Amino acid sequence: MSPKPLEPIIVEPDDLPERTARPSRGQFLLYDSDFPLETDPKFAVAPGVRPLSVPHFSVGEVADVAFGGDLEWLKHQLKGKRYRVASGHTKSTPLLLNGELLEFRSVSRGRGIPPKRYTLADIERLAWALYERGDVDGQEVQRVSQILYAIARQYWARADRKH
């Protein structure tokens, strides 16, 4: 069953009145610069890659918190939708936002494939890319945005108490 093509209604938070989510114009509610940089060496990224901000999450945590716990569905979306070309070969549709490939940072440690980590800003853009590709509807983008903003407010409140 494909999602209904509903236009998302994102209610802008009162404490961020200057921000409006308009992905087609490159405007979002959350940015990595809103949060402190990760300083724990176990979450270091490769040299030359912009560092992670706090908080950040694994793909399983993103599936649980933002997308209702459907890890296999999210992994499938991140890999890209498969389709057949005229020659019979199978290709994958990349995850694009406004025509640009979404790329997520990997933690540079251990052997094998380095695990990806997703900041709140990454997850917001992921939700919009899934909407743009038709894999989620506007109501789901709205719910994800509200969840992410609630998490951001918790981090900001904790940071304010520390100062």
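Rule-based calculations on the coordinates, nothing more; no lab input. All values derive from a computational prediction rather than experimental measurement.
If every alpha-carbon in segment 53-162 counts as one equal scatterer, what log10 I(q)/I(0) does Debye give at q = 0.14, 0.17, 0.19, 0.22 1/Å?
-0.63, -0.88, -1.06, -1.29
Between LEU71 and SER58, what is 0.36 nm times their sequence separation minus the Cα-Cα distance? Round to one decimal in nm.
Difference between extended and current length: 3.6 nm.
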